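The structure appears below as C-alpha cells.
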Amino acid sequence: MATQTTTELDTTPEASKLRAAIALDDRPSRPSPVSATLTFTWRALLKIKHVPEQLFDVTLTPIIFTLMFTYLFGGALAGDVTTYLQYLLPGILVQTVLFTTVYTGYTLNTDITKGVFDRFRSLPIWRPAPIVGALIGDTVRYTIASVITLALGLALGFRPDGGVVGVVLGVLLLLVFAFALSWIFTILGLLLRTPNAVMGTSMLVLMPLTFASNIFVDPSTMPALLQRWVDINPVSHLATAVRGLMGGTTSFDQIGWVLIAAVGLTIVFAPITMRLYRNRS
Amino acid sequence: MATQQELAIEARGLVKHFTSGKTTTKAVDGIDLAVPEGTVYGVLGPNGAGKTTAVRMLATLLRPDAGTARVLGHDVLTDADAVRSVVGLTGQYASVDEDLTGTENLVMLARLYGFTGSRAKGRAGQLLDAFGLADAGSRQVKTYSGGMRRRIDLAASLVMSPKVLFLDEPTTGLDPRSRNQVWDIVRVLVADGATVLLTTQYLEEADQLADRIAVIDHGKVIAEGTATELKRSVGEGAVHLRVADSADRARAAELVEQVLGTEVTLAPDPYALAARVPDDGAVDVGRLLPTLADAGITVPEFSLGQPSLDEVFLALTGQPTDDITEEVA
C-alpha cells in the first residue's frame, strides 16, 4: 500500500512541485550578523504593521503621563504649570520611554511560549541576532513615544533652549540608555514562565528606577536615605542629561555618566541574556 | 543491505534530567539511536516519554547532560552551527510567527538562511506554491486552518532543503485528510533522499511511514526494529471481548487462555478483556466463540485486530500508556 501511494505521488503535480522546491541546487552562504539582525528588526516592524494595537500604549501612555503629572503637580510644585513643564517634560519623556522597554521582555517571552524562538535558535545564524534585532525594532516604538510626548509638551508650552539639535540629541541619548536597560527585561523574558509574569516583574524593577528619581521633583527636599538612592540612580543621571541637552546647559560629565551606565548595563546583562538564551531548556 | 549504510543520525547514551524543586524528571535517560541516511525513523511513545526532549537535543536546542550525538557526522555540541545548517525542524515548539503572513514568515527565514532580496521572495513563493498555500500567502498565519498551519510549518523547515528533517508529532491534532497530506509530503521528501526522524504517539503513523521504529518509555528505548518486528514481538493481532455479565469475566479469561495459549489482559472496564493472538499460525481463533458459548457466557462484542499502541506498550512495559503518562507528567 505504501508503494502504491508513492507511485501515485510521483505523477501528481503537487509532488513534482514539491520535488522542484526541495531540489535546491544553489545554496546561499550564511548571512552576516548585520544582515541577520536587520531581518529580525524587519520582523519587529512587520509585527507593528499587523498588530497596530501594540502601539496604543506607546501613544496613549505619553499623553496621559504628560497631562496628568503636569496638571497634578504643576501648580503645587512650581507655582504655575508652564514653569513646571520646563522641568518635568524631559523627565516625563524619560519615564515614558523607559516604561515602553518592558515590552521587550514581554514580546520575547511571548515568542518563547509560542515556539517561534526555538525555530530561530535552530537556525545557523549569529546567536544574538534575534534579540539585538528585536531591540533595534523596539527603538521605533521608543521614537514614536518620544515624538508624541514632545509634540504634546510643545503644545502645552514646553520651550527647550537647546533647540532642535538639543532635543534630538536628548532623544538619542535616551534611546541608547533604553536599549541598554532592555537587557534586564530580556533576562526576565527568558527566566519567567508567562508573558504576564514578565510584565509584572518588569514594573517592579521600573517603579523605583523612575519614581525614586529626580524626574518629578528636585531631590533636595527628600530624606537623606532616599536622596542617596536618587543620586546613584542612573535614571536620575539620564533625566539630568536629557534636561541639560534640551535646555542647552549640558555638561560633558552629565552625558558621560549616562553612557557609562549604558555600557555597564550592557556589559553585565547582555552576556547573562545570551547565556540564558543558549542554555534555555 | 549487507553493506554498511551511512548513518544520518547517531546518538549514544543521551541523557537529560530536569530538576524542579526537589523532584528530578529523567526526561531522557540514556538513549541510543542509529538512523541510516535516506530513511524514515519513527520514535514512538506516549506523552512525556522523552521524545521531544530527545529531538530537541539532536536539533541543538538543548544541551545533553551526558552522551554524544552526531548529525551527518557533525557533533551537536562542538559543531552546533554545522548541524543547524543541515537540519530542518518542525514541531509545536519550533513554530512560525502567527502575526506575520505566510509569505513574510518564509521570506524572513529565507533571508536568515542567506537568500537576498528577490531570491528570498522567490524561494518563499516557490515553497508556498509547492505546499498548496499560494492563495493564503498574504494572510496572517493565525487565520490558517490546522492543516494549513502544519503545511506552513513544514514549508518553513524546508527553506534550506535540509538533508535531515526532525518532525515532532507532525500530525497530532490533524483531521485524517490533513494527516494524509503530511504523510504524502514525508514520502516525497524521503523518496528524494532526505532523512526524516519522526516522533509520534500513533502506532499507525509509525507503521505507515517509518522504516525502523524505536519505542521510547521513561526516557529509554525499550524496543527497536521494523514495524513488523515490533508487532511480532507483541503478537500479530489481538482479540477484544466484552462479556454481558461481569461475573463471567474470570471464567471467560480462563477459557480464552486455554484456546489461545497467551496471557489475557483484564481492562479497567469490568466487562472487557483482551488477549494477544500468537503469530505462529497454530491457533484457531474461531474456536473462541463456540467455547465461550458452550460455557454459557454471553459475548455481546468481539473484535480481532492489530495490536494498538496500548497493547504494544503493555507487552513491552507491563503497564498501559495511561499510567506511564501520569507518572511522567
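Average accessible surface for chain A: 45 Å² per residue, computed with a 1.4 Å probe over protein heavy atoms with every protein chain in place. With unit charges on the beta carbons (Lys and Arg positive, Asp and Glu negative) and the dipole taken about the Cα centre of chain B, which residue among B:261, B:214, B:114 sits farthest to the positive side? Farthest along the dipole direction, towards plus: B:114.
Interface residues of segment B:87-106, defined as a loss of at least 20 Å² in heavy-atom accessible area between the chain alone and the complex of all protein chains with a 1.4 Å probe, are B:89, B:93, B:94, B:95, B:97, B:98, B:99, B:100, B:104.
Overall, the accessible surface of segment B:235-306 at a probe of 1.4 angstrom is composed of carbon and sulfur to the extent of 49 percent. Direction-averaged projected area, Cα convex hull, segment B:7-232: 12.7 nm², rounded to one decimal.
Figure the gain on full extension for residue A:228 and residue A:165 (residue separation times 0.36 nm, minus the Cα-Cα span) and round it to one decimal in nm. Write down the numbers at each step before the final one.
Values: separation 63, 0.36 × 63 = 22.68 nm, distance 3.23 nm.
Computed gain between residue A:228 and residue A:165 is 19.4 nm.
May I ask you to give the percent of accessible area on chain A that is carbon plus sulfur, with a probe radius of 1.4 Å?
Values: 8900 of 12650 Å².
Heavy-atom surface of chain A belonging to carbon and sulfur, 1.4 Å probe: 70 percent.
Ordering A:195, B:64, A:147 by Cα displacement along the dipole of the protein assembly as shown toward the positive end leaves A:147 in first place; charges were set at the Cβ atoms of Lys, Arg (+1) and Asp, Glu (-1). Quick one: plug the Kirkwood hydrodynamic radius of segment A:11-139 (C-alpha pairs) into Stokes-Einstein at 20 °C, 1.002 mPa s, and report D in µm²/s. Approximately 116 µm²/s, per Stokes-Einstein.
Evaluated at 37 °C with a viscosity of 0.692 mPa s, what Stokes-Einstein diffusion coefficient in µm²/s does the protein assembly as shown have when Rh comes from the Kirkwood expression over alpha-carbon pairs?
D, rounded to a whole number, is 117 µm²/s.
Taking each DSSP H run with n ≥ 4 as -39500 (n - 2.57) and averaging over every residue of chain B yields -10000 deg cm²/dmol at 222 nm. The trypsin sites (Lys or Arg not before Pro) found in segment B:176-232 include none that occupy coil by DSSP while having at most 15 further C-beta atoms within 10 Å. Relative to the longest principal axis of the Cα atoms of chain A, the long axis of helix A:195-210 makes an angle of roughly 20 degrees.
At 1.4 Å probe size, with every protein chain present, just tell me what the per residue accessible area of chain B comes to in Å².
Working: 13910 Å² over 329 residues.
For chain B, the solvent-accessible area averages 42 Å² per residue.
Rounded to the nearest 0.05, the FRET efficiency derived from the C-beta distance between residue A:249 and residue B:79 at R0 = 51 Å is 0.35. Accessible surface of residue B:276, taken over heavy atoms with a 1.4 Å probe and every protein chain present, rounds to 100 Å².
Here the Gaussian network model covers chain A, with springs between Cα atoms less than 10 Å apart; of A:259, A:209, A:46, A:46 fluctuates the most. Between B:39, A:163, B:128, the Cα set farthest toward the positive side of the dipole of the protein assembly as shown (charges on each charged residue's Cβ, about the Cα centre) is that of A:163. Our compactness index for segment A:201-281, the C-alpha radius of gyration over the empirical 2.2 N^0.38 Å, is 1.32. Computed from the C-beta positions of residue B:272 and residue B:34 and an R0 of 30 Å, the FRET efficiency is 0.15 to the nearest 0.05. With a simple spin-label model that places each label point 7 Å from the Cα along the Cα-to-Cβ direction, the separation between residue A:203 and residue B:180 comes to 5.2 nm. The accessible-area loss of segment B:131-175 on complex formation, taken against its chain alone with a 1.4 Å probe, reaches 20 Å² or more at B:140, B:160, B:161.
Shielding by partners for peptide A:31-43, expressed as the average number of C-beta atoms from other protein chains within 10 Å of each residue's C-beta, is 3.
Ignoring solvent entirely, what values of log10 I(q)/I(0) come out of the Debye formula for chain A at 0.12, 0.16 Å⁻¹ when each Cα is a single scatterer? Log10 of I(q)/I(0), two decimals: -0.79, -1.26.
Segment B:206-306: which GluC sites (Glu not before Pro) are DSSP loop and have at most 16 other beta-carbon atoms within 10 angstrom?
On the way: sites: B:224, B:229, B:236, B:254, B:257, B:263, B:301; in loops: B:236, B:263.
Filter output for segment B:206-306: B:236, B:263.
Between B and A, buried accessible area summed over both sides at probe 1.4 Å, in Å² to the nearest 100? Let's see the in-between values first.
Details: alone 16090 and 14910 Å², together 26560 Å².
That pair of chains buries around 4400 Å² in total.
Say we join alpha carbon atoms closer than 10 Å with springs in a Gaussian network model of chain A; which of A:176, A:81, A:51 then has the biggest fluctuation? Its mean-square fluctuation being the largest, the pick is A:51. Cα centroids of segment B:22-69 and segment A:157-231: 44 Å apart. Between the chain alone and the structure with every protein chain in place, find the residues of segment B:180-201 that drop at least 50 Å² of accessible area; heavy atoms, 1.4 Å probe. Checking the loss per residue gives B:187, B:188, B:192.
The values are calculated or read from the model by the stated rules, or taken from the named source; none is laboratory data. Since the model is a prediction, treat every value here as computed from it, not as a measurement. Cβ sites come from the backbone with ideal geometry, for glycine too, and all protein chains shown count toward neighbours. To get the accessible areas, we keep the full protein, side chains included, count just its heavy atoms, and leave off ligands, DNA and RNA. Shrake-Rupley method; radii C 1.70, N 1.55, O 1.52, S 1.80 Å.
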